[in-house]
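Novice: Attaching a single structure in structure tokens format; questions to follow.
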Amino acid sequence: MTRVLETAAEIMLREGYAAVTSRSIAARLGIQPPLVHYYFPTVDDLFVALLRRVSELNVERLTAVMASDQPLRAWWDLASDPRGTGLLVEFLAAANHRPALKQEMGEVARQVRQMQMAALEKLLPEYGLDPDQFPPALIAATVQGLGLGIVADETAGYKTEHEQARAAVSRLIDRLEQQRASRHPD
């Protein structure tokens with residue numbers, strides 16, 4: 001089952017979600033398509049299982065990131081990772097056409113955002129950021145949204161000055177991490 005999910009993820013990243021079929025997965029694995037249906041009766045079942053698997057891995061990564069020495073830097077690196085964000089873009093596109101996936105994505109997004117905001121409530125004072133002026137919801141949406149937007153433009157090859165935006169975010173995060181380090185020397 002794990003190999004089926006990994007193969008589906010690779011197909012999504014290379015060819016897009018529409019290329020994920022029992023036949024395409026089976027062909028890559030050298031198995032018969034009915035075996036894919038044995039584990040996942042429908043493609044929706046496959047997408048939901050893949051989303052859950054990817055989400056569990058991302059929650060583990062995000063937990064480690066928020067506990068790291070430079071949480072904002074590590075979180076930005078995670079949020080702007082082309083592979084993870086590319087998969088998210090494909091899930092978003094697929095969810096527009098698959099209600100079961102859309103519902104699951106909404107639940108995953110809510111849980112992850114709550115996790116991010118809980119971590120930020122503790123971290124923002126360490127960075128000298130006033131949570132009334134910069135609420136956790138704003139910071140969480142900004143980091144995730146910028147990462148998604150920049151990677152989507154890079155992946156598509158759009159000339160939107162994404163390099164400049166990425167560099168500016170890195171400078172801002174560097175400054176915030178330096179502020180945090182000076183406020184809380186180890």
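Novice: Run through all the Cα pairs of region 87-186 and give the fraction in each 5 Å bin from 0, expressed as whole percent.
Specialist: Cα pair-distance distribution for region 87-186, in percent: 2, 11, 16, 19, 18, 15, 11, 6, 2, 1.
Novice: What is the sum of charges around Leu123, taking Lys and Arg as +1, Asp and Glu as -1, for the other residues whose C-beta is under 14 Å from the C-beta of Leu123?
Specialist: That sum, taken over residues with Cβ under 14 Å, equals -1.
Novice: Counting only protein heavy atoms, what percent of the accessible surface of the chain is carbon or sulfur at a 1.4 Å probe?
Specialist: So the carbon and sulfur contribution to the accessible surface is 55 percent.
Novice: Let me ask something additional. May I ask you to rank Lys102, Lys159, Lys122 by accessible area, largest first, using a 1.4 Å probe over the protein chains only?
Specialist: Solvent-accessible surface, decreasing: Lys159, Lys122, Lys102.
Novice: In sequence order, what are the phi-derived ³J(HN,Hα) couplings for region 11-26 according to the Karplus relation 6.51 cos²θ - 1.76 cosθ + 1.60 with θ = phi - 60°, rounded to whole Hz, with x for glycine and proline?
Specialist: Values per residue, Gly and Pro as x: 4, 4, 5, 7, 10, x, 4, 5, 7, 7, 9, 4, 5, 5, 5, 4 Hz.
Novice: Same structure again: Based on the alpha-carbon set only, what is the convex hull volume of region 1-90 divided per residue, in Å³?
Specialist: Per residue, the Cα convex hull of region 1-90 comes to 83 Å³.
Novice: Compute the angle between helix 136-156 and the longest alpha-carbon principal axis of the chain, please, reported from 0 to 90 degrees and rounded to the nearest 10.
Specialist: Roughly 50 degrees between the two axes.
Novice: Also, quick follow-up: Remind me, what semi-axes does the chain give for its equivalent ellipsoid, largest first in whole Å, using sqrt of 5 times each Cα gyration tensor eigenvalue?
Specialist: Over the Cα atoms of the chain, the semi-axes work out to 35, 17, 14 Å.
Novice: Over the chain, give the accessible area per residue in Å² for a 1.4 Å probe, as an integer.
Specialist: Ligands and nucleic acids excluded, the figure is 58 Å² per residue.
Novice: Then there is this: With an 8 Å cut-off on Cα pairs and a minimum separation of 6 or more residues, tell me the relative contact order of region 29-186 in percent.
Specialist: 27 percent
Novice: Hey, if we sort Val36, Val108, Val89 by accessible area with the 1.4 Å probe, largest down, what's the order?
Specialist: Of Val36, Val108, Val89, the descending order of accessible area is Val89, Val108, Val36.
Novice: Step by step: find N for region 109-155, compute 2.2 N^0.38 Å, then divide the Cα radius of gyration by it. What's the final number?
Specialist: Working it through for region 109-155, the quotient is 1.25.
Novice: Right, next: Considering only C-alpha atoms, what is the centroid distance from region 37-51 to region 132-180, in Å?
Specialist: After rounding, the separation between the Cα centres reads 33 Å.
Novice: Something else now. At a probe size of 1.4 Å, how large is the accessible area of Asp77, to the nearest 10 Å²?
Specialist: Accessible area, nearest 10 Å²: 80 Å².
Novice: Further question on the same structure: In the full protein assembly as shown, how much of Leu123 is accessible to a 1.4 Å probe, in Å² to the nearest 10?
Specialist: Taking all protein chains as shown, Leu123 has close to 10 Å².
The values are calculated or read from the model by the stated rules, or taken from the named source; none is laboratory data. Predicted, not measured: the structure shown is a model, and the values here were computed from it. Note that we place each Cβ from the backbone using ideal geometry, even for glycine, and neighbour counts take in every protein chain shown. Just so you know, the surface numbers come from the protein's heavy atoms only, side chains and all, with ligands and any DNA or RNA stripped out. Shrake-Rupley method; radii C 1.70, N 1.55, O 1.52, S 1.80 Å.
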